[in-house]
């Protein structure tokens, strides 16, 4: 997965898709309006804390003090639950990134063409994420990463990795601190949307600059 996605719908749209009750979160009909979310910025992250759901702005990236490289932004779903870096986060820091789609760059000849990938029915997406909890506290560069899966079928032509997008009906269980790490592995394996749920189209290369943030970034174009 490349390091850009879109989170432009309103909180209402995301919460309605999850069938979250009115008293569980404060609704907000205003669009979030982020069409080019980049690593190193704070992203609204859905998480459970003290048996209540919260939506907190959290740093996208994970680099503990002993990590002397750039903060990581993704974790492979095949190994995140057992690897040294991410196992503690898998147990105690499961979260969800509400989104509308993501961007990937495909090499075409000697150039790279960006594509926007989204649900065929334009439904909200829910990326599985793990990070440093609790999310209402500042942890520096110990923020969160998006869990990824291997791409298959047509999507592999765009990129060999993709976000692990969970179905709305398992989000509550994924977030629940009482859900075991093993059960969370099962959810990641069995409740992810398949490639056939998505479609994609080429978009303007302006998405390559984080300075560009307008809605035109997700519009389909005819490549040169």
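Out of everything in region 50-74 that is within 19 Å of residue 37 (Cα to Cα) and touching a helix residue (DSSP H, G or I) at 6+ places or on another chain (Cβ under 8 Å), what residue ends up being surrounded by the fewest Cβ atoms within 10 Å (Cβ to Cβ)? Checking each candidate, the answer is 55. Restricted to strands (runs of 3 or more DSSP E) entirely inside region 103-195, those with at least 2 residues that are modelled with pLDDT of 95 or more are 111-119, 125-131, 144-150. Within region 4-36, if we keep just the residues that are over 18 Å from residue 122 (Cβ atoms) and assigned to a strand (DSSP E or B), the residue that is modelled with the highest pLDDT turns out to be 36. Mind counting the residues in region 52-66 that are free of Cβ contacts under 8 Å to residues at least 24 places away in the same chain and more than 20 Å from the chain's Cα centre (by Cα)? Final tally of qualifying residues: 2.
The values are calculated or read from the model by the stated rules, or taken from the named source; none is laboratory data. Given the structure is predicted, the values throughout are model-derived calculations rather than measurements. Counting neighbours? That spans all protein chains shown, and the Cβs are built from the backbone with ideal geometry, glycine included.
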